[in-house]
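Chemist: I am attaching a structure below and will ask some questions about it afterwards.
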Amino acid sequence: MQLARCPTDDWTNHSSPGSIVLDTRDLSKVYGRGKQRFEAVKQVCLTLHPGEVLAFLGPNGAGKTTTIKMIAGLVRPTQGRVAVMGEDPHRQPRALRHIGAVLEGNRNLYWRLTPAENLDYFGVLRQVPRQLAHRRGLELLARFGLEEKRNTPVQKLSRGMQQKVAIAVALIHNPRLLLLDEPTLGLDVEAGEMVKALVRQIAQEGRAILLTTHQLDVAEELADRVAIIRRGRIIAEQSTESLLKEFSGSTYHLEVDGELSPQQIHTVTQLGATVQGTQLTYAGTPEKLYALLGALSPVPLVSVQRDRADLTQVFLKLVKD
Amino acid sequence: MIDLLYAELKRTWIQFIRYPTEVISGIVIIMAVFYGLFASAQYMAGPGFAFGDRLDAVVLGYALWTLIISVNNDIAINLQIEAETGTLEQVFLSPFGAPRVFLARAFASLALRLVILMVVLLLLMGISGSRLAFPPTLLLPLASLLLAGYGLAFLMGAAALVFKRVQQILGIFQFLLLFLLAAPLEEATGPMQYLRFLLPMLPSTGLLRDLMARGLSLDWFTYTLALLNGLVYFALGMLVFRWAEATAKQRGSLSGY
């Protein structure tokens with residue numbers, strides 16, 4: 001599953017340019033020269049459509065943050081191009097109107113200002129007229145359940161609330177693309193769930209979201225698609241569902257409520273199952289599974305489960321290969 | 001752009017006023033240093049010595065020095081603080097572009113610093129017995145002085161973007177500034193009377209001393225040269241800052257510190 005080159009430049013192959021929020025082509029970044037030369041990102045191609053959540057996964061130092069920063073116009077690519085709503089943030093500063101970002105390891109906010117003051121300030125910084133920025137800020141505070149804290153300096157808020165304010169600030173100019181670098185890092189369970197719910201809501205509004213995370217359960221829950229990067233190169237990119245399916249086995253685990261008769265045990269063994277008390281394991285074709293279920297009748301079934309890989313298993317397998 | 005200026009003024013003011021002890025202690029330190037210098041000079045000169053007109057020039061030179069130090073360090077120190085606290089990259093995500101944002105910030109912090117300068121000057125006049133004049137024409141050389149001052153501030157900001165840790169350079173720079181601002185080179189003879197027009201801010205500080213301490217009227221020819229000096233240093237600062245931004249993005253070191 002090696003994806004070295006971008007798909008064709010012909011937009012008509014998959015979708016029209018208008019329906020693409022983010023498109024990166026052969027994005028590469030090289031640091032240093034001579035012996036110090038280090039290729040941090042190699043020919044990364046990503047596309048994102050409205051309402052889509054793409055989880056960008058990879059081990060530490062794989063090139064995730066560099067890629068996100070190249071998309072946001074903060075790091076200049078050595079090669080390749082970025083288009084956000086058809087505009088290049090490195091050449092056209094107005095492209096930044098389409099981008100909202102919450103960057104990792106950063107507080108992203110002025111701690112001496114209150115949430116309302118941060119929203120007012122960053123709204124204007126993103127070229128939203130002052131009055132409109134104020135109105136939107138109040139709406140976002142209400143929506144994110146921060147009304148009561150609107151006049152509390154950010155430094156006095158909990159980490160979860162600060163993260164909510166940072167996401168609200170990233171949305172103040174109504175961007176089409178939201179970049180979230182480790183949005184749930186350092187949050188407790190409740191705050192993490194809250195941020196996940198917000199990410200879902202924001203995607204439902206039609207915004208494209210590119211998120212990086214080391215918490216693979218978060219990626220599995222939120223992402224429509226997954227891109228895995230290793231040593232600067234994307235090694236897998238497809239829908240979360242198909243990726244999980246591809247790495248899932250075809251073994252079924254069945255549990256029955258009661259003892260099977262010797263005749264039943266003989267029949268299911270003939271069909272390819274192994275029996276251990278009330279537990280059965282079957283690795284045959286799906287068609288024979290129904291014959292197996294028939295042979296178990298009338299003993300009540302407790303569960304029928306197919307082996308399913310989770311994203312952690314897929315990730316570990318891919319990055320270790 | 002007006003909205004941006006307003007937003008920067010509001011942000012600067014809120015951040016300044018939210019912790020008033022910092023403001024008061026800053027002014028107290030400026031006053032204490034001056035009083036120390038003033039008392040030592042009087043001690044060295046002996047009890048019979050009178051400063052006369054020179055006192056006004058010294059007070060003005062010191063007040064300008066404190067203003068220009070804060071102006072010069074403004075961009076570099078804030079860049080460094082924001083890189084550490086994590087807001088710098090958010091600022092660079094503005095569609096206005098970094099130079100315009102930092103220019104608006106410079107105006108906002110200047111407004112604040114001019115208010116502080118007035119407070120400091122009034123207090124210094126109270127301590128030293130100096131009586132400075134404030135003719136309206138002094139705004140002209142003050143503007144050319146600040147143009148050159150902000151030119152240097154953008155150069156320092158550029159250094160902070162590219163080299164990151166610049167505290168030591170800033171520290172040394174403060175003493176260079178003392179020379180540029182306090183030395184009365186407008187009274188110099190020989191080549192220095194011409195060379196001073198090439199050094200940043202020097203022609204403007206000479207004019208300010210003429211207006212505020214010596215009671216002279218504005219010399220328009222000298223002022224034209226002072227304005228040119230301010231414009232050239234300001235343009236140079238902006239150009240180098242743009243280059244530094246591009247270099248930091250190339251190196252991927254915008255948020256490093």
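Chemist: Return the calculated 222 nm mean residue ellipticity for chain B, to the nearest 500 deg cm²/dmol, obtained by summing -39500 (n - 2.57) across DSSP H runs with n ≥ 4 and dividing by the residue count. Mind showing how you got there, number by number?
Modeler: Values: 10 runs with 199 residues, N = 257.
Helix-only estimate at 222 nm: -26500 deg cm²/dmol.
Chemist: For a test of the definition: using alpha carbon positions, the gyration tensor, and the 1.5 limit on a/c, classify the range A:33-87 as rounded, prolate or oblate. Before the final figure, lay out the partial values.
Modeler: Details: a/c = 2.66, a/b = 1.55, b/c = 1.71.
Oblate is the answer for the range A:33-87, as a/c is 1.5 or above yet b/c matches or exceeds a/b.
Chemist: Please give the Cα centre distance for the range A:278-297 versus the range B:161-175, rounded to the nearest Å.
Modeler: 75
Chemist: State the Cα centre-to-centre distance between the range B:182-209 and the range A:166-199 in whole Å.
Modeler: Between the Cα centres of the range B:182-209 and the range A:166-199 lies a distance of 56 Å.
Chemist: While we're looking at this one, here's another question. Take every residue in peptide B:247-255, count the Cβ atoms of other chains within 10 Å of its Cβ, and give the average of those counts.
Modeler: On the way: counts 1, 3, 8, 6, 4, 10, 2, 3, 7.
Per-residue shielding by partner chains comes out at 5.
Chemist: OK, next. When a/c reaches 1.5 or more, the comparison of a/b and b/c decides; with that in mind, is the range B:1-43 rounded, prolate or oblate per its Cα gyration tensor?
Modeler: Details: a/c = 9.57, a/b = 2.71, b/c = 3.53.
It comes out oblate by the Cα gyration axes.
Chemist: Can I ask one more? In whole angstrom, how far apart do the alpha carbon centroids of the range A:211-251 and the range B:97-113 sit?
Modeler: 44
Chemist: Ranked from highest to lowest mean number of other Cβ atoms within 10 Å per residue, what is the order of the peptides B:197-208, B:119-130, A:224-235?
Modeler: Details: B:197-208: 22.8, B:119-130: 16.2, A:224-235: 21.2.
Ranking, from highest mean packing down: B:197-208, A:224-235, B:119-130.
Chemist: With viscosity set to 1.567 mPa s at 4 °C, what whole-number translational diffusion coefficient in µm²/s follows for chain A from Stokes-Einstein and a Kirkwood radius over Cα pairs? It would help to have the intermediate numbers written out before the result.
Modeler: On the way: Rh = 22.3 Å.
Estimated via Stokes-Einstein, D reaches 58 µm²/s.
Chemist: Work out how much length A:Phe38 to A:Leu138 would gain on full extension: take 0.36 nm times their residue separation and subtract the Cα-Cα distance, in nm to one decimal. Present the calculation step by step, with values, prior to reporting the outcome.
Modeler: Values: separation 100, 0.36 × 100 = 36.00 nm, distance 4.55 nm.
That works out to 31.5 nm of additional length.
Chemist: Same structure again: Using helices alone, what [θ] at 222 nm do you get for chain A, with -39,500 (n - 2.57) per DSSP H run of 4 or more residues, divided over all residues and rounded to the nearest 500?
Modeler: Value at 222 nm, helices only: -10000 deg cm²/dmol.
Chemist: Moving on to the next point. Would you please put B:230-236, A:109-115, B:112-118 in order of how densely packed they are, using the mean number of other Cβ atoms within 10 angstrom per residue and starting with the highest? Before the final figure, lay out each step's value.
Modeler: On the way: B:230-236: 18.1, A:109-115: 22.3, B:112-118: 15.9.
Packing order, densest peptide first, comes out as A:109-115, B:230-236, B:112-118.
Chemist: What is the angle, in °, between the Cα long axis of helix B:20-45 and the longest principal axis of the Cα atoms in chain B? Nearest 10 is fine, range 0 to 90.
Modeler: 30
Chemist: Arrange the following residues from fewest to most other Cβ atoms within 10 Å of their Cβ: A:Thr67, A:Thr240.
Modeler: Numbers: A:Thr67 30, A:Thr240 20.
Result, fewest neighbours first: A:Thr240, A:Thr67.
Chemist: Modelled label-to-label distance, B:Ile172 and B:Thr247, 7 Å Cα→beta-carbon offset: nm?
Modeler: 1.6
Chemist: Still on this structure: Note down the net charge around A:Pro93, summing +1 for each Lys or Arg and -1 for each Asp or Glu among other residues with Cβ under 13 Å from its Cβ.
Modeler: So the environment of A:Pro93 carries a net charge of +4.
Chemist: Rounded to the nearest 0.05, what FRET efficiency do B:Leu5 and A:Gln92 give with R0 = 25 Å and r taken as the Cβ-Cβ distance? Could you check? All intermediate terms of the calculation are to be shown ahead of the outcome.
Modeler: Numbers: r = 24 Å, r/R0 = 0.94.
Calculated value: 0.60.
Chemist: Within 10 Å, count the other beta carbons around each residue, average over each peptide in B:174-183, B:237-246, and list them highest first.
Modeler: B:237-246, B:174-183
Chemist: What does the average come to when, for each residue of peptide B:65-75, you count the partner chain Cβ atoms lying within 10 Å of its Cβ?
Modeler: Numbers: counts 0, 0, 0, 0, 0, 0, 0, 0, 0, 0, 0.
For peptide B:65-75, the averaged partner shielding equals 0.
Chemist: Would you please classify the overall shape of the range B:145-207 from the alpha carbon gyration tensor, given that a ≥ b ≥ c denote the square roots of the eigenvalues, rounded means a/c under 1.5, and beyond that prolate means a/b larger than b/c while oblate covers the rest? Write down the numbers at each step before the final one.
Modeler: Values: a/c = 2.79, a/b = 2.19, b/c = 1.28.
Prolate.
Chemist: Let me ask you something else. Evaluate peptide A:64-71: per residue, the Cβ atoms of other protein chains within 10 Å of its Cβ; return the mean as an integer.
Modeler: Working: counts 0, 2, 1, 0, 0, 6, 2, 0.
Averaged over the peptide's residues, the number is 1.
Chemist: Another one. Which pairs in the list A:Lys69/A:Lys164; A:Lys64/B:Lys249; A:Lys35/A:Lys320; A:Lys196/B:Lys10; A:Lys35/B:Lys249; A:Lys69/A:Lys149 are over 25 Å apart, alpha-carbon to alpha-carbon? Present the calculation step by step, with values, prior to reporting the outcome.
Modeler: On the way: A:Lys69/A:Lys164 21 Å; A:Lys64/B:Lys249 16 Å; A:Lys35/A:Lys320 27 Å; A:Lys196/B:Lys10 33 Å; A:Lys35/B:Lys249 21 Å; A:Lys69/A:Lys149 31 Å.
Checking Cα-Cα distances, A:Lys35/A:Lys320; A:Lys196/B:Lys10; A:Lys69/A:Lys149 exceed 25 Å.
Chemist: Here's another thing I want to ask about it. Quick one: if you stick a label point 7 Å off each Cα along the C-beta vector at A:Ser158 and B:Ile81, how many nm between them?
Modeler: A separation of 3.0 nm, rounded to one decimal place.
Bear in mind these aren't lab numbers, they're just calculated from the coordinates by the rules spelled out. Everything numeric here is computed off the predicted structure, so don't read it as measured data. Ideal geometry is used to build each Cβ from the backbone, glycine not excepted, and the neighbour counts take in all protein chains shown.
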